[in-house]
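> Below: one structure in structure tokens.
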Amino acid sequence: ISVLFLTLLLLFLALFPGAFDCCTKISDEIPKGILRRVERFEIQKADGLCHLEAVILHIKGKKFCANPQNRKVKRMMKKMKHKIHRSKSHVRKQRRIRITKQKEQEQ
């Protein structure tokens, strides 16, 4: 019976690798120093395998689980999305200018 249980456990882990990667507790207070060093974040929904809504903050290989309703966390998420969006549009703009200049030189 223990061999069967172990086999089923390994099969479950192979099929659902993130099953035990859920936040089980969230912090309501996240220090500003941590929020400034966030490299990326994920939003954990309270559905499927994870039964708690959370924002997972990634900082140098470590993860912190934060309350998604926290005002500071919301502000940090908005800034990061805005920063990513701005940098992408900036790259597009530079590329568009470069293509326009090349066309002008060809004529």
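The values are calculated or read from the model by the stated rules, or taken from the named source; none is laboratory data. This structure is a prediction, so every number in the text was calculated from the model and none was measured. Glycine also receives a Cβ, built like all others from the backbone with ideal geometry; neighbour counts cover every protein chain displayed. These accessible areas exclude ligands, DNA and RNA; they are computed on the full protein's heavy atoms, side chains included. Shrake-Rupley method; radii C 1.70, N 1.55, O 1.52, S 1.80 Å.
> Is it true that some residue in segment 54-72 is of a type in the set (Gly, Ala, Ser), surrounded by 10 or more Cβ atoms within 10 Å (Cβ to Cβ) and at pLDDT 65 or above?
Checked segment 54-72: at least one residue is of a type in the set (Gly, Ala, Ser), surrounded by 10 or more Cβ atoms within 10 Å (Cβ to Cβ) and at pLDDT 65 or above.
> Here's another thing I want to ask about it. Can you name the residue in segment 1-37 that is touching a strand residue (DSSP E or B) at 6+ places or on another chain (Cβ under 8 Å) and assigned to a helix (DSSP H, G or I) and, of all such residues, is modelled with the lowest pLDDT?
The residue in question is 34.
> Any residue in segment 33-56 that's free of Cβ contacts under 8 Å to residues at least 12 places away in the same chain: show its pairings with residues that are among the hydrophobic types (A, V, I, L, M, F, W, C) and surrounded by 11 or more Cβ atoms within 10 Å (Cβ to Cβ) at Cβ separation under 6 Å, as long as the two are six or more apart or on different chains.
Filtered contacts from segment 33-56: 46/52.
> Do you know which residues across segment 26-46 are open to solvent by 100 Å² or more (accessible area, probe 1.4 Å) and farther than 12 Å from residue 63 by Cα? Quick ask: steps written out before the conclusion?
First, pick out the residues of segment 26-46 that are open to solvent by 100 Å² or more (accessible area, probe 1.4 Å): 29, 32, 36-37, 39-40, 45.
Matches in segment 26-46: 29, 32, 36, 45.
> Does segment 76-88 contain any residue that is part of a helix (DSSP H, G or I), touching a helix residue (DSSP H, G or I) at 6+ places or on another chain (Cβ under 7 Å), modelled with pLDDT of 60 or more and closer than 17 Å to residue 26 by Cβ?
To start, the set of residues in segment 76-88 that are part of a helix (DSSP H, G or I) comprises 76-88.
Remaining after also requiring touching a helix residue (DSSP H, G or I) at 6+ places or on another chain (Cβ under 7 Å): 76.
In the following step, the residues that additionally are modelled with pLDDT of 60 or more were identified as 76.
Checking the rest, the ones that are also closer than 17 Å to residue 26 by Cβ come to 76.
Yes, that holds for at least one residue.
> Quick one: is residue 100 assigned to a loop (DSSP other than H, G, I, E, B), at pLDDT below 90 and of a type in the set (S, T, N, Q)?
On the way: assigned to a loop (DSSP other than H, G, I, E, B): no; at pLDDT below 90: yes; of a type in the set (S, T, N, Q): yes.
Criteria not met by residue 100.
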